[in-house]
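The values are calculated or read from the model by the stated rules, or taken from the named source; none is laboratory data. Keep in mind the model is a prediction, meaning the values are calculated, not measured. Every residue, glycine among them, receives a Cβ derived from its backbone with ideal geometry; neighbour counts consider all protein chains shown.
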Amino acid sequence: MTFKDLKKKVSLEVTQQQSRLFERLQNKPFWIWDKEEHRQEDIRTNGDCCFNHIIGLPTKEGMEKAMFDYEKILYDSIFLVNDASDPSFKHKHLWVKKATGLEVTEFFLRLMAWLCLRNNDYQNSQMCIVTGPNIDIAIKLIKRMKALFEPKLHVTFDSKETVLELNGCTIEAYPSNHIDAYRALDNPKFILIDEGDFFRKGEQEDVRHVCERYIAKSDPYIVMVSTPNAPDGLFERIEKEPEVLILQMVARHLE
């Protein structure tokens, strides 16, 4: 077998793996927050009750952990309808100032993957992760997303280091000092700004400007997550703005 034939065979196997994954995860909830309902669905489906149980629960210090109460707050904050008179209205722009160790980034990486895989709504669209000014951080976050599917499901991906393709949606990570490609997306549906308070000051304003420009274009979810950094940084400035929905995770680490 030639190298070219071997490469084709590996690519076909990867595609078949991913197709089986998509079929298994379609129409599954991210998490079932009612414990008894979750238990019953777990029994009924033989463990295929929700996205997180199918791919494997998050781990901390080697132990699997269920979703925490604060993660339900995060979930509800962007997905629950907030205006009964207008069911289409949701708070799609979330600012999260957090304590270290809450794994909020992990939560949103999982959420983004679920949105791609639950149905076909996000085909032919993009999701973006903007990280600090270091390509290694961008690579690390995409690697974490790919790794969500490897330990339990043995699904691998052959895309480049900063890109993940999930069910027709392109997820790409961009360092904050190199966002030229991020400015020219056709249809971004989810933007995650990770540790934005640590971007350089000029980059903070630039990244925010591009995010807000996309609101009128494709109405994406926009989530800014960071531990607090220096005074008068991006997060402090947003915190002082009027009419901002603020979710502060700094009080304590919920166990």
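Here are some notes:
- Here is the figure for the range 113-151: residues that are within 20 Å of LEU25 (Cα to Cα) and among the acidic types (Asp, Glu) total 2.
- Meeting the requirement of 1 or more residues that are modelled with pLDDT of 90 or more and polar (S, T, N, Q), the strands (runs of 3 or more DSSP E) wholly within the range 146-216 are 169-175.
- Within the range 50-76, being of a type in the set (S, T, N, Q) and without any contact (Cβ under 8 Å) to a residue 40 or more places away in the chain holds for one residue alone: THR59.
- Considered as a group, the residues in the range 115-159 that are in contact (Cβ under 8 Å) with a residue 12 or more places away in the chain and basic (Lys, Arg) include one that is nearest to ASP186 (Cα to Cα), and that residue is ARG118.
- Test: residue in the range 166-178 that is within 21 Å of LYS146 (Cβ to Cβ), in contact with a strand residue (DSSP E or B) (Cβ under 8 Å, 6 or more places away or on another chain) and among the polar types (S, T, N, Q): yes
- Residue check for GLY47: free of Cβ contacts under 8 Å to residues at least 40 places away in the same chain and of a type in the set (Gly, Ala, Ser): yes
- If you filter the range 160-204 down to residues that are in contact (Cβ under 8 Å) with a residue 60 or more places away in the chain and of a type in the set (Phe, Trp, Tyr), you find that the one that is surrounded by the most Cβ atoms within 10 Å (Cβ to Cβ) is PHE199.
- Filtered residue count, the range 24-46, keeping only those that are farther than 20 Å from ARG144 by Cα and either under 20 Å from the mean Cα position of the chain (by Cα) or surrounded by 11 or more Cβ atoms within 10 Å (Cβ to Cβ) (or both): 14
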